[in-house]
Each structure stands twice: as structure tokens, then as C-alpha cells.
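Colleague: Please read through the structure below; I'll follow up with questions.
Bear in mind these aren't lab numbers, they're just calculated from the coordinates by the rules spelled out. Keep in mind the model is a prediction, meaning the values are calculated, not measured. Cβ sites come from the backbone with ideal geometry, for glycine too, and all protein chains shown count toward neighbours.
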Amino acid sequence: MEFLSENKKKLLISQRHTIQRCFVLGLFLLVSLFLFAFESQSFSFIFQEDSLKVWMFDVGQGDALFLELPTGEQILIDGGPDNRVLSKLGSVLFPWDRSLDYVVATHADADHITGLVSVLENYDVSHVVTNGHLQGTGVSDALQKAIEQEKSEQRVVHAGQTLTFGDVILEVLWPSLEVMNGVVQDRNETSLVFLLTYGKTSILFTGDAEEGSEFEFATQVGDVDVVKVGHHGSASSTSHFLLDQITPEVALVSAGKDNSYGHPHPIVLQRLFDRAVDVFRTDQGGDILLRSVGQEPNLEYAPLPF
């Protein structure tokens, strides 16, 4: 009987050790998942349901902005000049999240849409928003083909239209319908421009719009908290007129480090300096994250692991 009791005792001890190991392993996995989510920013504002996150990805000499809305929608505005956008999305989304609600192509320049081809090939995309001028180049033709294969719902937008997601409003400011229906000499002339408003937070997304376009839409904007500097900081964008109309507090610049164009141009930086505008640059600090709960937005450099 004592022999049996001793065996039972050893069995109980073994079972207890097994349970302890399983508990430790489970705790390790839970902590690892939390750390991954924290590192990828997926748990940012988890207890604040009415939060907005806007990423300006560092994709080199190009544009790629990713929006996570309080209502849960995920929107990618442009995809940069190559496939780096895939790594960026993988850094901020859970591995099992393989869908996007909206992809926006502001215009057909390769440094804005090349990465979108890979995005459409690797993610389920519900809607694609364009200015209706995605043709004429090899990259734009490839993007159009990818849209058709994905069977995403396509929507062509112009000034005066809005996309509404709960309390977040994306108002299309440019191009006008007349410009879209005319002869386009420069693709930047038809670059989509959006004004995002969410409570007291306002952000102007300018794409590659240049000074001539700015004169057309600037007076419709009003004061904004944040402006995405037009055309990567080209001297032909972010004019005195625009800045005087919108009086931003913060400017975001998406440009490649040591790029051959000299972006952002010293003239643009001086315009911003003269107005005491804080400048965040991907070529200097990497990825940029804006967060808002409908009040004044918070911005920081938040370099992603990939």
C-alpha cells in the first residue's frame, strides 16, 4: 500500500509540474502577444474606442499614409515607390489581419502607386478610390489590372464629395470635376486632396498638388492642425498662399533620405520656419504617428521594426 501511495504521490507531483509548465508557457505566450501588439501599435488607445491613428510610413522618396479610424476602418492612402509598404503594414497590423477597407490612389505617379500593386495582391481590399486618371504608364496599367483582379469596388471622386466614417469626415477638395474632365498636362494637377476632420482634429492631405491647384482649394480649408507638405517638399508646392490660409501647427514631410531632388526644398522649410510650424520628416526621423481622440492631436516619431 505504501508503494502505491508513493507512486500516486510521484504522479501527482508530475501532474503538478506539467500544469505549472503549461501555465508558464501560456503566460509567456500571452506576454509575447502583448509585447508584439504593443510594439506594432495595435493596442494603442485600446481603452479609448473613439481614437484615430494616422501613420506616415517611411517608404523613401514617395508617399504612403495609413489611417485607422475610430469606427474600425483601415485606409491606405498611396503605397510608395516599391514594396516597402507591405513591411510597414505588417508592422502595424496583426499577422492574421489581411484586409483593408479602402485604398486611395491620389494620382498615377509611380512613387505613389507602385506599392499599391503589391498591396492589392496581398490584401483583400474592399474599395479603391481614385481620381479617374489611372492610365498612361506601365505602373498605372498594372495597378488597374490588380484592381480588376481583386474585384474591389472602384470609386472615382472629385471636389465636393465626402467619405464619412462615423465622426471622421474625409472631404475631397481637389480636383474639380471640370479639371478631371479636361485635358491633363501634368498628373500633379489632378492629385486628390483631402481634408480630414475629427472633432477638433483637422489634417490636410495634399498628395502632389502644386501651387496652381492650391490657389483653387486653399480658401475652402480653414485652419488646420496638420498639413502633409505637398509633393514631398517641392518648391512648387506648399505656397505662401496656402500656408496663410490654413495656418497649420504641424507639417509632415514624406521624402527619401539624401534624395536626388533635394526634397524638402530649403524654400519650403523656410516658409514653414517663418510661421513657426513644427516639421516632422520621414527622411530624418522615420515613420511618424499621429493620434487623436477628437481633441488636439499628438504626433511623434515612431520608427517601425521593418
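Colleague: Since R98 meets every condition but one in (1) surrounded by fewer than 22 Cβ atoms within 10 Å (Cβ to Cβ); (2) under 26 Å from V253 (Cβ atoms), which condition does it not meet?
Modeller: (2)
Colleague: Tally up the residues in segment 83-98 that are in a loop (DSSP other than H, G, I, E, B) and either farther than 13 Å from L120 by Cα or among the basic types (K, R) (or both), please. Write out each step before concluding.
Modeller: Of the residues in segment 83-98, the ones in a loop (DSSP other than H, G, I, E, B) are 83, 93-98.
This time we only want the ones that are either farther than 13 Å from L120 by Cα or among the basic types (K, R) (or both), so: 93-98.
The number of residues fulfilling the criteria is 6.
Colleague: Find the helices (runs of 4 or more DSSP H) located wholly in segment 160-252 whose residues include 2 or more that are in contact with a helix residue (DSSP H, G or I) (Cβ under 9 Å, 6 or more places away or on another chain) and buried (at least 20 other Cβ atoms within 10 Å of the Cβ), and list them.
Modeller: 211-217, 240-246
Colleague: If P303 satisfies every condition in (1) touching a helix residue (DSSP H, G or I) at 6+ places or on another chain (Cβ under 8 Å); (2) surrounded by 19 or more Cβ atoms within 10 Å (Cβ to Cβ) but one, which is the exception?
Modeller: Unmet condition: (2).
Colleague: Consider only pairs whose beta carbons are under 9 Å apart and that are at least six residues apart or on different chains; among these, list those whose first residue lies in segment 198-211 and is in contact (Cβ under 8 Å) with a residue 40 or more places away in the chain and whose second residue is among the small types (G, A, S) and assigned to a strand (DSSP E or B).
Modeller: Y198/S292; G199/S292; K200/S292; T201/S292; I203/S292
Colleague: Further, regarding this structure: Quick one: what pairs do we get from segment 104-115, first residue over 12 Å from V85 (Cβ atoms), second assigned to a helix (DSSP H, G or I) and among the β-branched types (V, I, T), C-beta under 6 Å, 6+ apart or different chains?
Modeller: Matching pairs, first to second residue: A105/I113; H107/T190; A110/V139.
Colleague: Taking the residues in segment 203-224 that are closer than 14 Å to T190 by Cα and hydroxyl-bearing (S, T, Y) as candidates, determine which candidate is nearest to the chain's Cα centre (by Cα). Break it down into steps so the answer makes sense when it comes.
Modeller: Of all residues in segment 203-224, those closer than 14 Å to T190 by Cα come to 205-217.
Cutting the leftovers down to hydroxyl-bearing (S, T, Y) gives us 206, 213.
Details: T206: 13, S213: 23 Å.
Of everything passing the filter in segment 203-224, T206 is nearest to the chain's Cα centre (by Cα).
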